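Here the structure is laid out as structure tokens; the discussion comes afterwards.
The values are calculated or read from the model by the stated rules, or taken from the named source; none is laboratory data. Given the structure is predicted, the values throughout are model-derived calculations rather than measurements. Backbone-built Cβ (ideal geometry, glycine too); neighbour counts: all protein chains shown. Accessible surface areas use protein heavy atoms only, side chains included; no ligands, DNA or RNA. Shrake-Rupley method; radii C 1.70, N 1.55, O 1.52, S 1.80 Å.
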Amino acid sequence: MQQLAVGNIVEGKVTGITKFGAFVELPGGKTGMVHISEVAATYVKEIKDFIQENQMVKVKILSISEDGKVSLSIKKAQDRPAPPPRRSGPGSDSFEWAPKRSNENLSFEDMMAKFKQTSDDKMSDLKKYMDVKQRGSGRKGPSK
């Protein structure tokens, strides 16, 4: 049997759910309470959206009061996922402060012509999209 001590993580069965928390039966027959703020790492409006009665849950013992009340946390008992590694280099989603200079051997006029062509292409695509969208929204039925 695991020792009930502050900081330990134990498994228990949810025996009751209230608006403010859930009661969990711990090893040895002792009951503790998980406050609503300790159910999940996100905002919890309805506890029943996260846990159900008779469900087995891992809980961390936060405190044991002098009168024997055991305060528990489900969110602190869960392994925290490692933050995603920062990507750098090709294929990274990070913002480039200095764009790659593949145009270094082009003259200023050539770069401006290329920019204008790209801009015209994007504007043409946008105009086509808006025309299709406007035509599509006008087909709601015959208007008399």
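Numerical summary
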| read-out | value |
| --- | --- |
| Summed residue charge, Cβ within 12 Å of LYS114's Cβ, Lys/Arg positive, Asp/Glu negative | -3 |
| Linear extension gain, LYS127 paired with ILE64, 0.36 nm per residue minus alpha-carbon span | 16.0 nm |
| For SER124, net neighbour charge (Lys/Arg +1, Asp/Glu -1) across residues whose Cβ lies under 14 Å away | 0 |
| Neighbourhood net charge (14 Å Cβ-Cβ; Lys/Arg +1, Asp/Glu -1) for GLY28 | 0 |
| Contour minus Cα-Cα distance for LEU106 and LYS19 (0.36 nm per residue) | 24.5 nm |
| Listed residues GLU109, GLU66, GLU11 arranged by accessible area, highest first, probe 1.4 Å | GLU66, GLU109, GLU11 |
| Using alpha carbons only: equivalent-ellipsoid semi-axes of region 21-67, gyration tensor based, whole Å | 19, 13, 9 |
